[in-house]
Amino acid sequence: MLKIYNTLSGKKEIFKPIEEGKVGMYVCGNTVYDFCHIGHARAMISFDVISRFIRHLGYELNYVRNITDVDDKIIKRAEENNESTQALTERMIAAQREDELRLGNKMPDREPKATEFMQEIIDMVQILLDKGFAYQGSSGDVYYRANAFKDYGKLNNRKLEDMLAGARIDVETAKEHPADFVLWKQAKVGEVAWPSPWGLGRPGWHIECSAMSTNCLGSHFDIHGGGPDLKFPHHENEIAQSEAATGKDYVNYWMHCGAVRVNNEKMSKSLGNFFTVRDVLEKYNAEVIRYLMVSSQYRSPIDYSDQSLNEAKVGLERLYTALRQQSIAESYQATEYTQRFEEAMSDDFNTPVAVSVLFELVRELNKAKTEAPAKAEALAAELKTLAELLGLLHQAPEYFLQNSTLSEGLDEKAIQALIDERTQARKDKNFARSDEIRDELAAQGIELLDSREGTTWTRS
RNA sequence: GGCCGGAUGGCAGAGUGGUCAUGCAGCGGACUGCAACUCCGUGAACGCCGGUUCGAUUCCGACUCCGGCCUCCA
């Protein structure tokens, strides 16, 4: 029995798909004008793990995640770079894909782009106009009439009147009401634009998601997800548009992941305190980032720092060490670990508990290594299978532990030569020389591990 | 001002009305030439004040502090 925390109700609810055995999930993707930062990584990884587990439960999942490739920020950035918006977005989409694959995500089933759904967007705007939920302002822009939708604010527990008290909403004279938002925006000269009944222009930010989600998954679907900063206004506006246009319930379960923080502040573009995925990958194996994300529950805020990354690295090393030089059974009988893992994941995707089960499994695996090799092989297989659901432990243990992604430092040949020399010294009981070599390597971040089978090493 | 979260051992991070989280770090031991890895054992926590209860870290209320949203942001 899967339970999911629903932002709409503020509670964990038992998950029940609209159609037996099938799940439709739409996740808001990125606006592609810059490289992904760690906050984007968290959202992408969270919903990747969620999608894996939904499939693991046997559901036929259709996972759709959009790409926003038309937007004010894109136009601005392209101008600054002196390139076309298309060149910019194509570059960023490729970069995002590369980052994501390195982070170990599986791609969504479909990644619709806003520019590919222009007709559907225009159709939806027209329907909203026809039904009286939209109007064309004096500027020529088409706006959504927020107070025409009686449930406006239901996702965020907000009332239109209360929002006015905030008084931070710019009063655009073209709007009837400050909370109204743009559906279709008139193009300025030279801006990328599409023809529409209201002239050359482009869609507002929110309408594209309503149009794409309802066209890809139907007007009523199971799960809609996104980052924490999308709750308002983006998702609120999506609900308003979609439900007004279709006259049906839009989404059953709204899911939002928690923020990534830096020094106790949200990591965000506007604060400028963000780290891009590719920056971090210069210093850390991509799986360390993934482990960091998965080691707390997807809704909790997570703190980003060198310290938290280092702690993630150490934890992951323990997991990989258990698989080092360990053969893996081709099949195995699932044990209580699988059951506990699944129970944890079924409780609103409780990955930290799932990870703790992995550690307990590892302890038993390490114990079994000497006394019960067959059991060890089976447990290793079970470990790999469970970790795979989190997207972890897919690398060769030696590869991960020797940190082969880093180019700096001694190469493997030099390390091996020193290890061979040390092995000889140990045979000769020349421990002074042996320790000297070990210290020398340690100074370069290479740790040695002696065992009956020989000496292995780990780069820290 | 409105709405929503959170406060757990040295750190990270789950969870529960009465008994174990887990990882890192610490301490003691085994293993080792010495280490490392690993294993065994071990100390350590539930912001503050009331209430409900036989019993509350867990439920309820007030308070303090922290974060998020209310403007583009995953």
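Bear in mind these aren't lab numbers, they're just calculated from the coordinates by the rules spelled out. Nothing here was measured: the structure is a model prediction, and the numbers come from that model. Virtual Cβ from ideal backbone geometry, glycine too; neighbours counted across all protein chains shown.
If you line up the long axis of helix A:38-56 against the longest principal axis of chain A, both from Cα atoms, how many degrees apart are they, to the nearest 10?
Taking Cα atoms only, the helix is inclined about 80 degrees.
Between A:Lys283 and A:Glu412, what FRET efficiency follows from the Cβ-Cβ distance if R0 is 35 Å, with the result rounded to 0.05?
So, using R0 = 35 Å, E works out to roughly 0.95.
Within segment A:141-250, which trypsin sites (Lys or Arg not before Pro) sit in a loop by DSSP and count at most 12 neighbouring Cβ atoms inside 10 Å?
Sparse-neighbourhood loop trypsin sites (Lys or Arg not before Pro): A:Lys150, A:Lys159, A:Arg168, A:Lys188, A:Lys248.
Sorted from fewest to most neighbouring beta carbons within 10 Å, what does the list A:Thr458, A:Thr68 look like? The partial results should precede the final answer.
Working: A:Thr458 18, A:Thr68 22.
By the 10 Å Cβ count, ascending, the order reads A:Thr458, A:Thr68.
Rounded to the nearest 5, what % of DSSP beta bridges with both residues in chain A are antiparallel?
55 percent
Does chain A classify as rounded, prolate or oblate by the C-alpha gyration tensor (a ≥ b ≥ c root eigenvalues; a/c under 1.5 gives rounded; else a/b over b/c gives prolate, otherwise oblate)?
Note, shape of chain A comes out prolate.
In segment A:355-442, what trypsin sites (Lys or Arg not before Pro) fall in a loop by DSSP, with at most 14 other Cβ atoms inside 10 Å?
A:Lys429
Straight-line reach from A:Lys269: which lysines have Cα under 16 Å away, leaving out those fewer than 8 places along the same chain?
A:Lys73, A:Lys76
Which of the residue pairs A:Lys154/A:Lys188; A:Lys22/A:Lys159; A:Lys11/A:Lys231; A:Lys12/A:Lys154; A:Lys106/A:Lys384 have a Cα-Cα distance greater than 23 Å in the structure shown?
Pairs exceeding 23 Å: A:Lys154/A:Lys188; A:Lys22/A:Lys159.
List the aspartates and glutamates whose Cα sits under 19 Å from the Cα of A:Lys283, skipping any in the same chain fewer than 8 residues away.
Here the aspartates and glutamates satisfying the reach criterion relative to A:Lys283 are A:Glu98, A:Asp99, A:Glu100, A:Asp303, A:Asp306, A:Glu311, A:Glu317, A:Glu398, A:Glu408, A:Asp411, A:Glu412, A:Glu447.
Can you show me the helix-derived [θ] at 222 nm for chain A, built from DSSP H runs with n ≥ 4 at -39,500 (n - 2.57) apiece and divided by the number of residues, rounded to the nearest 500.
-14500 deg cm²/dmol
To the nearest 20 debye, what charge dipole does chain A have about its Cα centre, counting +1 at the Cβ of each Lys and Arg and -1 at the Cβ of each Asp and Glu? Provide the component values of the computation, followed by the final result.
Numbers: 56 positive and 72 negative charges, 124 e Å.
In debye, rounded to 20, chain A gives about 600.
Note down the relative contact order for segment A:114-272 as a percent, whole number, built from C-alpha pairs under 8 angstrom at least six residues apart. Mind dumping the intermediate values first?
Details: 216 pairs, mean separation 37.2, N = 159.
Result for segment A:114-272 is 23 percent.
Taking amide H positions as placed 1.01 Å from N in the peptide plane, with prolines and chain starts having none, which residues 5 or more places from A:Leu61, or on another chain, fall under 5 Å of its amide H?
Amide H neighbours of A:Leu61, under 5 Å, 5+ apart: A:Val23.
How large is ³J(HN,Hα), in whole Hz, for each residue of segment A:385-392 in order, when computed from phi with the Karplus curve 6.51 cos²θ - 1.76 cosθ + 1.60 and θ = phi - 60°, using x for Gly and Pro?
Using θ = phi - 60°, the values come out as 5, 5, 4, 4, 5, 9, x, 10 Hz.
If amide hydrogens are placed 1.01 Å from N in the peptide plane, which non-local residues have theirs closer than 5 Å to the one on A:Asn350?
Here A:Met345 satisfy the definition.
Averaging sequence separations of C-alpha pairs under 8 Å and six or more residues apart, then dividing by the length of chain A, give the relative contact order as a whole percent.
On the way: 675 pairs, mean separation 72.2, N = 460.
The value is 16 percent.
Mind listing the phi-derived Karplus ³J(HN,Hα) values for segment A:422-432, rounded to whole Hz, using 6.51, -1.76 and 1.60 with θ = phi - 60°, and x for any glycine or proline?
My calculation for segment A:422-432 gives 5, 4, 5, 4, 5, 4, 7, 6, 8, 6, 4 Hz in order.
If the chain between A:Asp303 and A:Arg158 were fully stretched, how many nm would it gain, using 0.36 nm times the residue separation less the Cα-Cα distance? Before the final figure, lay out the partial values.
Details: separation 145, 0.36 × 145 = 52.20 nm, distance 2.84 nm.
Length gained between A:Asp303 and A:Arg158: 49.4 nm.
Residue by residue through segment A:122-128, which ³J(HN,Hα) values in whole Hz follow from phi under the Karplus form 6.51 cos²θ - 1.76 cosθ + 1.60 (θ = phi - 60°), with glycine and proline marked x?
4, 4, 5, 4, 4, 4, 5
Distance in nm between label sites at A:Asn366 and A:Ser138, each 7 Å beyond Cα in the beta-carbon direction?
7.3 nm
Using the Cα gyration tensor of segment A:294-353, with a ≥ b ≥ c the square roots of its eigenvalues, what is the shape: rounded (a/c below 1.5), prolate (a/b larger than b/c) or oblate (neither)? Please list the in-between numbers first.
Working: a/c = 4.32, a/b = 1.25, b/c = 3.47.
The shape class here is oblate.
About the Cα centre, and with charges only on the beta carbon of Lys, Arg (+1) and Asp, Glu (-1), how big is the dipole of segment A:301-419? Nearest 20 debye, please.
Magnitude of the dipole: close to 420 debye.
For A:Asn6, what residues show an amide H to amide H distance below 5 Å, using hydrogens built from the backbone and excluding near sequence neighbours?
For A:Asn6, the qualifying residues are A:Lys11, A:Lys12, A:Glu13.
In debye to the nearest 20, how big a dipole does segment A:139-263 give about its Cα centre with +1 on each Lys and Arg Cβ and -1 on each Asp and Glu Cβ?
Here segment A:139-263 has a charge dipole of around 120 debye.
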